[in-house]
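> My structure is below; once you've seen it, I'll send some questions.
The values are calculated or read from the model by the stated rules, or taken from the named source; none is laboratory data. Quick caveat: nothing in here was measured; it's all calculated off a predicted structure. We place every Cβ from the backbone using ideal geometry, glycine too, and count neighbours over all the protein chains shown. For accessibility, only protein heavy atoms count, side chains too; no ligands or nucleic acids. Shrake-Rupley method; radii C 1.70, N 1.55, O 1.52, S 1.80 Å.
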Amino acid sequence: NLAYLHLLQEQFDKAAPLFKRASDSWKKSLGVGHQKTLKGLNNLARVHHKLGKLDSAESLFNTTIKLRRENLGPGHIDTLRSMHDLGSLYITKKRFPDAGDLLKKTLRLDEKILGEKHPYTFETLNSLAKLHEAEKKPDEARKVRKQGFDRRTDFLNQMLWVTGDNAREGYVRLHKP
């Protein structure tokens, strides 16, 4: 939890060793394919991405995806998360065709398995828009951003009416950016 807090606070140098320690500890006590072990590994890859350690991040993401597919299944929410994260890394590495292929595949699975109004689906749409922006395709980027904005608005309109104050505040804070 402390490592994740550092990640959220963009203190990546502090987060990296804690995610490594957690993942190694879980690997030793729970096994290489355990969901917690793989969550720590994926978060370590995310931190490496943020630190600019792109090759290391790519290797960690690929390992995590392989192990998540084998141990959790190809349609598991955590597998989809790792696919999205690798697609985002491909954007950073300017591997646009790879990013497009992976993010489109991830979006199809997000929509099929999680639904069109799931936060991970919104993130994948945002990453696709970011890809189109990097490719200098503003019309496509705008179309995808609008699709994500409309879906998120529908989601929030549904959720904000039926949740309690704490949950409502959490949704607003989470989706504010």
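> Which entries in Lys39/Lys130; Lys117/Lys146; Lys104/Lys146; Lys93/Lys136; Lys50/Lys146 show an alpha-carbon gap greater than 23 Å?
Cα-Cα > 23 Å for Lys39/Lys130; Lys50/Lys146; rest within.
> I've got another one for you. Angle check, please: helix 35-51 long axis (alpha carbons) against the longest principal axis of the chain (alpha carbons), in degrees 0 to 90, nearest 10.
80
> Above 20 Å lies some portion of the pair distances; for the range 1-150, what is it as a whole percent of all C-alpha pairs?
Everything past 20 Å amounts to 49 percent.
> About its Cα centre, how strong a charge dipole does the chain have in debye, to the nearest 20, once Lys and Arg get +1 and Asp and Glu get -1 at the Cβ?
Its charge dipole is roughly 220 debye.
> Heads up, I need the accessible area for Ser127: 1.4 angstrom probe, whole protein in place, Å², nearest 10.
Counting only protein heavy atoms, Ser127 exposes about 10 Å² to solvent.
> While we're on this one: Helix-derived [θ] at 222 nm for the chain: sum -39500 (n - 2.57) over DSSP H runs of at least 4, divide by residue count, nearest 500?
-27000 deg cm²/dmol
> If you build a Gaussian network model of the chain, linking Cα atoms that sit under 10 Å apart, which residue out of Thr92, Thr153, Thr121 swings the most?
Thr153
> If you don't mind, there's one more thing I want to ask. Whole number please: convex hull volume per residue of the Cα set in the range 61-177, in Å³?
Numbers: hull volume 12.5 nm³, N = 117.
Normalising the Cα hull of the range 61-177 by residue number yields 107 Å³.
> Considering the Cα positions of the range 48-90, please state its Rg to one decimal place and its Dmax as a whole number of Å.
10.2, 29
> Quick check: pseudo-label points 7 Å beyond the Cα along Cα→Cβ at Glu135 and Lys36, how many nm apart are they?
The modelled label-to-label distance comes out at 4.1 nm.
> Any chance you could run the full-extension gain for Ile77 through Gln11? It's 0.36 nm times the residue separation minus the Cα-Cα distance, nm to one decimal.
Computed gain between Ile77 and Gln11 is 21.2 nm.
> Over all distinct alpha-carbon pairs, what is the Kirkwood Rh of the range 106-169 in angstrom?
Working: mean 1/r = 0.0800 Å⁻¹.
For the range 106-169, inverting the mean 1/r across all distinct Cα pairs yields 12.5 Å.
> Given labels modelled 7 Å from the Cα in the Cβ direction, how far is it in nm from Lys66 to Glu111?
3.1
> Going toward the positive end of the dipole of the range 1-157, with +1 on Lys and Arg Cβ and -1 on Asp and Glu Cβ, which of Leu102, Pro74, Tyr4 do you reach last?
Ranked along the dipole, the leading option is Tyr4.
> Tell me the angle of helix 96-109 to the major Cα principal axis of the chain, expressed in degrees between 0 and 90 and rounded to the nearest ten.
80
> When ligands, DNA and RNA are left out and all protein chains stay put, how many square angstrom of accessible area per residue does the range 111-168 have with a 1.4 Å probe?
Computed with neighbouring chains in place, this is 65 Å² per residue.
> How big is the dipole moment of the range 45-138 about its Cα centre under a simple scheme where the beta carbon of each Lys and Arg is +1, that of each Asp and Glu is -1, and everything else is neutral? Debye, nearest 20, please.
Numbers: 18 positive and 13 negative charges, 29 e Å.
That gives the range 45-138 a dipole magnitude of about 140 debye.
> For the range 8-154, what does the relative contact order come out to in percent, with C-alpha contacts under 8 Å and a separation of six or more?
Computed over the range 8-154, the figure is 14 percent.
> Note the angle between two axes, namely the Cα long axis of helix 138-162 and the longest principal axis of the Cα atoms of the chain, as a number of degrees from 0 to 90, rounded to the nearest 10.
90
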